[in-house]
1. Can you tell me which residues in the stretch 58-95 are open to solvent by 10 Å² or more (accessible area, probe 1.4 Å) and part of a strand (DSSP E or B)?
2. If you check Glu165 against the conditions, is it open to solvent by 30 Å² or more (accessible area, probe 1.4 Å) and either out of contact with any Asp or Glu (no Cβ under 8 Å at 6 or more places or on another chain) or acidic (Asp, Glu) (or both)?
3. From the list Ala39, Ala102, which residue is modelled with pLDDT of 95 or more and open to solvent by less than 80 Å² (accessible area, probe 1.4 Å)?
4. Could you please let me know if Arg121 is without any contact (Cβ under 8 Å) to a residue 40 or more places away in the chain and either within 20 Å of Gln66 (Cα to Cα) or in contact with a Cys (Cβ under 7 Å, 6 or more places away or on another chain) (or both)?
5. Of the conditions (1) touching a residue at least 40 places away in the same chain (Cβ under 8 Å); (2) open to solvent by less than 60 Å² (accessible area, probe 1.4 Å), Ser127 satisfies every one except a single condition; which number is it?
6. Which one of these does Val173 not meet: (1) of a type in the set (Val, Ile, Thr); (2) in contact (Cβ under 8 Å) with a residue 60 or more places away in the chain; (3) in contact with a His (Cβ under 9 Å, 6 or more places away or on another chain)?
7. Just for the stretch 132-148: of the residues that are over 20 Å from Val67 (Cβ atoms) and in contact with a helix residue (DSSP H, G or I) (Cβ under 7 Å, 6 or more places away or on another chain), which one is surrounded by the most Cβ atoms within 10 Å (Cβ to Cβ)?
8. Would you point out the residue of the stretch 130-165, among those that are of a type in the set (Phe, Trp, Tyr) and touching a residue at least 60 places away in the same chain (Cβ under 8 Å), that is nearest to Arg72 (Cα to Cα)?
Amino acid sequence: MSQEELFLDSVAAGQVTEKKSRSNLGLVVTGLLGGSLVALYAVATPFVAPALRKVCLPFVPATTAQVENVLRVLRARTGRLVDIGSGDGRIVIAAAKHGFKASGFELNPWLVWYSRYKAFREGVHRSTSFHISDLWKVSFAQYSNVVIFGVPQMMDQLEVKLASELPSTAKVVACRFPFPTWVPECTAGEGIDTVWVYDAKTFKTHLQNGMTRETTPEPKDKPDSPT
């Protein structure tokens with residue numbers, strides 16, 4: 001074989017090797033990109049999915065002042081506490097440190113897992129529990145202290161749900177937004193840190209009275225007596 005033929009063979013072999021290297025590199029890049037997209041979807045879905053629901057309850061962390069205000073208005077209370085839409089668990093963990101048996105309900109699984117980790121790290125995992133659940137599918141009848149970071153679009157529906165489920169000894173603390181028709185017995189804080197406290201005995205009575213008015217037929221006018 002001449003030197004020219006050897007040269008041509010070596011060039012051809014080099015081109016084949018280069019093509020294989022490019023092909024392998026393309027497969028690696030495609031695999032990394034695909035894996036990154038899958039990971040991004042897995043992380044983002046729990047945060048985006050709640051926004052697709054009829055009533056969106058976004059995650060906005062409670063401020064230090066809000067946590068302090070909640071604990072202040074509940075300082076003389078006992079019994080079980082629940083935080084509806086517990087986010088990263090800071091209200092539940094703070095309440096557990098003040099002696100409450102506290103639970104949190106949150107739709108985002110990443111926040112629930114993070115809350116459990118925080119509770120374990122803070123040493124209150126035995127007195128706290130966090131649940132991945134839609135608040136509309138949970139009964140709150142066992143709780144005597146309820147904390148809610150709601151949005152205006154859901155508060156009227158939540159009024160009916162809590163009034164029908166909670167015991168008459170319960171207290172409800174609303175943060176950021178008050179309930180539309182309930183009358184608070186007191187408030188604490190100011191601005192975005194304001195919390196409103198509601199007594200279950202009061203709003204349950206109003207609900208019962210409202211139902212009574214709706215179900216009791218109005219008296220009909222008596223016909224005039226013949227003269």
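The values are calculated or read from the model by the stated rules, or taken from the named source; none is laboratory data. These numbers come from a predicted model, not from an experiment. Glycine also receives a Cβ, built like all others from the backbone with ideal geometry; neighbour counts cover every protein chain displayed. The accessibility values were calculated without ligands, DNA or RNA, using every heavy atom of the protein model including side chains. Shrake-Rupley method; radii C 1.70, N 1.55, O 1.52, S 1.80 Å.
1. Arg80
2. yes
3. Answer to the check: Ala102.
4. It is false that Arg121 is without any contact (Cβ under 8 Å) to a residue 40 or more places away in the chain and either within 20 Å of Gln66 (Cα to Cα) or in contact with a Cys (Cβ under 7 Å, 6 or more places away or on another chain) (or both).
5. Checking Ser127 against (1) touching a residue at least 40 places away in the same chain (Cβ under 8 Å); (2) open to solvent by less than 60 Å² (accessible area, probe 1.4 Å), the one that fails is (1).
6. (3)
7. Taking the candidates together, the pick is Phe140.
8. Phe149
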